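> I'd like to ask some things about the structure below.
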Amino acid sequence: MAEERRVVESRLVVLPQSRIRVIMKSSPDVSSINPDALLLTTKATELFVKYLASYSYKHGTGMKDNTLSYDDLSDTAENSETFGFLSDILPKKILASEYLKMVSKEDKDGTLDEAEEEEEEEEEEGEDEDKEEDEEDDEESVDSDDDADIDYEQDNEDNEEEDEEDD
């Protein structure tokens with residue numbers, strides 16, 4: 001009976017429950033984990049990752065290229081209120097050479113000089129102009145968070161129907 005339950009539970013989730021258990025146990029506040037809590041946490045994690053990926057795909061460059069990139073995820077974390085808490089976990093990528101320059105300049109004098117600040121401002125203005133152009137192009141295709149939720153719910157319903165047909 002217990003073995004049958006494990007088989008049924010394993011069909012409900014894709015992520016390995018052993019990994020989720022290890023992550024949960026890494027917290028000093030957790031001493032033991034109820035199997036039902038583990039199953040629910042695993043399923044919630046899957047749904048969260050699926051929602052993040054679909055939202056990033058729809059609001060990033062994924063629709064054009066039919067891909068999902070790290071940049072799409074980091075843009076979502078930076079620009080969406082829903083995923084704002086991930087901005088530290090999914091930061092924008094910068095080149096190692098740029099980072100090393102920044103660190104060496106800060107080590108030299110502790111602050112940036114005027115010429116460096118102007119360079120950074122020019123780079124930011126160029127990036128802002130690029131973003132504005134992208135936003136103008138994407139204005140017609142960008143969904144609100146509510147629309148993304150509706151799309152996500154429809155995707156889930158479609159997947160459930162497919163799963164029922166497979167059984």
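Throughout, read-outs are computed from the coordinates displayed, never taken from laboratory work. Source: prediction; values computed, not measured. Neighbour counts run over all protein chains shown; Cβ positions are idealised from the backbone, glycine included.
> Give me P(r) over segment 37-108, computed from all C-alpha to C-alpha distances, binned every 5 Å, as integer percentages.
Answer for segment 37-108: a P(r) of 3, 16, 17, 18, 15, 12, 8, 6, 3, 1, 0 percent.
> If you don't mind, there's one more thing I want to ask. Set the Förster distance to 25 Å, then compute FRET efficiency between Asp29 and Thr82 from the Cβ-Cβ distance, nearest 0.05. It would help to have the intermediate numbers written out before the result.
Details: r = 26 Å, r/R0 = 1.04.
So, using R0 = 25 Å, E works out to roughly 0.45.
> Which of the peptides 47-57, 21-31 is most tightly packed, and how do the rest follow, judged by the mean count of other Cβ atoms within 10 Å per residue? Mind showing how you got there, number by number?
On the way: 47-57: 16.5, 21-31: 10.2.
For the peptides 47-57, 21-31, the packing ranking is 47-57, 21-31.
> How about segment 22-108: which GluC sites (Glu not before Pro) there are in a DSSP loop, with at most 12 other Cβ atoms within 10 Å of their Cβ?
Numbers: sites: Glu46, Glu78, Glu81, Glu98, Glu106; in loops: Glu81.
Answer by residue number: Glu81.
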